[in-house]
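Written below as structure tokens is the structure these notes are about.
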Amino acid sequence: MWLGLFGAPVAWATSHVVGWGVSEADCLPVQHVWDIAFRTWEGALLVLAVLLSVTGMISSALTYREVKEVDKDADPPAGRLWLLSISGLVLSPLLLVLIVLTHTGALLLGHCHQG
């Protein structure tokens, strides 16, 4: 249940922050010293974040399947499990789309533009 609820948000937040850091490190003059492979890092972040997000979605679906017959107003933990599984089922696909859009955009559009 906890993986289903927090898998996608943690995957998105972590991949977003690490991706931003990799992009910044690749655009700075120090990149020549560190030799940052931007596309490799972004691709790896995309794959790892998608895997964690899909795992969370599957976990939410399995939890929901176990408690779908429970009364929605049932006492904890059954009612709470139902609510949190529904929350994971709603949140995980949305964040999965954000993960895919963020990393494919970074891979396709480039990143070191001077404003």
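Here are a few things to note about the model shown:
- Lys, Arg +1 and Asp, Glu -1 on Cβ, resulting dipole of the chain about Cα centre, debye, nearest 20: 140
- The string of couplings for segment 62-73 from the Karplus curve (6.51, -1.76, 1.60, θ = phi - 60°) is 5, 5, 4, 4, 6, 10, 5, 8, 6, 4, 5, 9 Hz, one whole number per residue in order, with x for Gly and Pro.
- Its DSSP H runs of at least 4 residues, each contributing -39,500 (n - 2.57), put the calculated 222 nm mean residue ellipticity of the chain at -28000 deg cm²/dmol, to the nearest 500.
- At full extension, Cys27 and Glu66 could sit 9.2 nm farther apart than now, given 0.36 nm per residue minus the alpha carbon distance.
None of the figures in this text is laboratory data; all of them are computed from the coordinates on show. All values derive from a computational prediction rather than experimental measurement. Glycine gets a Cβ as well: all are built from the backbone with ideal geometry, and neighbour counts include every protein chain shown.
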